[in-house]
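Below is one structure, written out as structure tokens, with a few remarks after it.
The values are calculated or read from the model by the stated rules, or taken from the named source; none is laboratory data. Model, not experiment: these values are computed from the prediction. Glycine gets a Cβ as well: all are built from the backbone with ideal geometry, and neighbour counts include every protein chain shown.
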Amino acid sequence: MAVSGERVLFKKVKKGDLDAYGVIIQDYQSSVFNVCCRILGNRQEAEDLTQEAFLRAYHQISRYDLSRPFGPWMRTLAANLCYNHLKRVRLNRVPLEDERDTIKDDPKYGPEGALEIDQEHKALYQAIWTLPDTQRMALELRHFQGYTYQEMAEAMNLPLNTVRSHLYRGRQKLAELLEEEYEKTR
Amino acid sequence: MKKHAKHIPGDDLQTYLDGNLDQSALHNVERHLDQCTACREKLSRLESVFARLENLPALELKKDLSTSILAQLRNDTKLSLGITWTLVLEALGAGTVIGFLIPAFRTAAWLPVLIDTQTEIRAAINIFLTQLASSWLVWWAVLRLNIEHTTKSFFTTPILPISNFSPWILILAAGGIGVLVNYILLRSNPIRRQN
């Protein structure tokens with residue numbers, strides 16, 4: 001459920017208050033951008049699709065149920081937008097050149113291990129972007145959006161067994177890619 | 001180590017990690033895992049993938065997108081209203097052309113004759129309007145025949161006795177449907193600048 005302050009903002013947005021929507025965008029743009037980035041693997045495209053997602057969300061705001069949290073609704077909209085974009089436009093996507101410096105500092109890790117951890121995460125991002133679109137989308141929905149198999153099938157408009165197969169293959173492929181990466185660095 | 005001829009399929013291991021195995025399958029998998037090192041290693045690799053995905057740090061968005069999104073939304077609102085009114089005016093204009101101007105031009109050919117005969121202005125206007133009406137009716141009769149002819153050539157039985165309706169009702173209905181369709185299209189899929 002949207003927290004009370006947000007609830008007030010959303011009521012204003014539903015009445016057409018764009019300034020209120022600006023506050024919502026600032027709160028959620030980073031998480032939406034990350035969804036787009038994980039699925040698309042390209043920063044510029046991810047920024048474009050993040051903008052497009054917020055534009056669509058504004059026009060579809062009447063469909064958003066205030067009794068539910070906005071984040072998952074918004075991220076699902078963005079994920080579907082990216083997925084359909086990939087299906088529609090097969091671009092020669094250029095992976096991000098070097099995301100190491102842009103990975104946010106994580107307080108869980110000490111400064112001495114930061115570089116190594118960044119390389120590890122960079123390898124994981126690269127591995128995710130190597131996967132076929134459907135497998136990447138399945139991973140996004142399951143691991144980052146917490147969908148059930150049934151919800152994934154509905155979101156991807158595919159039979160449940162097909163979606164499960166994409167998810168399993170994606171994980172398997174990811175494990176293999178990371179194994180290879182690990183072997184290289186040894 | 002006790003050897004097991006049949007290892008757990010990869011799919012079952014993933015379903016196990018997702019927590020979606022039913023009670024009896026779960027029991028079988030756990031019993032097998034207790035006894036099979038190879039399957040435990042396979043499980044451990046998968047668990048590592050799960051953990052790494054869970055701990056994947058967020059990428060930083062380097063710029064605030066809200067300004068450009070809001071600018072675009074403000075522009076869209078203006079654009080949508082502008083387009084709606086343009087379409088309404090276009091529909092009205094088209095209706096006027098169809099309903100009035102075509103017969104009016106035909107009737108205008110009579111004007112020099114009326115002026116030449118030095119008729120009074122009021123009488124000239126009356127004659128002009130009468131001519132306009134009759135010209136319009138002739139024009140409509142021709143149109144009706146054409147519509148009927150076209151309809152019959154496409155359908156063996158006429159699906160709609162379109163020629164029985166008043167022409168004004170048809171024009172208004174067409175205009176109304178046009179405006180309604182435009183409104184629905186603009187509302188559900190607003191036209192905006194493509195990225």
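Quick notes on this structure:
- Residue match in region B:21-29 (condition: over 25 Å from residue A:38 (Cα atoms) and facing another protein chain (nearest Cβ under 10 Å)): no
- Answer from A:79, A:46, A:53 - the residue that is closer than 19 Å to residue A:157 by Cβ, out of contact with any Lys or Arg (no Cβ under 6 Å at 6 or more places or on another chain) and facing another protein chain (nearest Cβ under 10 Å): A:53
- Any hit, region B:157-171, residues being at pLDDT 70 or above and either out of contact with any His (no Cβ under 7 Å at 6 or more places or on another chain) or loosely packed, with under 11 Cβ neighbours inside 10 Å (or both): no
- Qualifying residue in region A:58-67 (condition: facing chain B (nearest Cβ under 9 Å), crowded, with 16+ Cβ neighbours inside 10 Å and either within 19 Å of the chain's Cα centre (by Cα) or not charged (D, E, K, R) (or both)): yes
- Per-region count, region A:1-22, residues closer than 24 Å to residue A:82 by Cβ and either facing chain B (nearest Cβ under 10 Å) or of a type in the set (S, T, N, Q) (or both): 2
- Candidates B:51, B:38, B:5 - the one that is part of a loop (DSSP other than H, G, I, E, B) and either under 26 Å from residue A:124 (Cα atoms) or at pLDDT below 90 (or both): B:5
- Qualifying residues in region A:25-43 (those that are β-branched (Val, Ile, Thr) and within 11 Å of chain B (Cβ to nearest Cβ)) - the one nearest to residue A:140 (Cα to Cα): A:35
- Residue in region A:114-122 that is closer than 20 Å to residue A:42 by Cβ, under 20 Å from the mean Cα position of the chain (by Cα) and either more than 9 Å from every other protein chain (Cβ to nearest Cβ) or at pLDDT 85 or above (or both) present: yes
- Among residues of region A:148-168 being surrounded by fewer than 18 Cβ atoms within 10 Å (Cβ to Cβ) and charged (D, E, K, R), the one that is farthest from the other protein chains (Cβ to nearest Cβ) is A:154.
- Residue A:173 vs. criteria over 18 Å from the mean Cα position of the chain (by Cα), of a type in the set (D, E, K, R) and away from chain B (no Cβ under 11 Å): no
- Any chance residue A:123 is surrounded by fewer than 20 Cβ atoms within 10 Å (Cβ to Cβ) and of a type in the set (A, V, I, L, M): yes
- In this structure, residue B:70 does not satisfy being part of a loop (DSSP other than H, G, I, E, B) and of a type outside the set (S, T, N, Q).
- The requirement of being within 14 Å of another protein chain (Cβ to nearest Cβ), closer than 27 Å to residue A:144 by Cα, free of Cβ contacts under 8 Å to residues at least 60 places away in the same chain and buried (at least 17 other Cβ atoms within 10 Å of the Cβ) is fulfilled nowhere in region B:70-92; no residue meets it.
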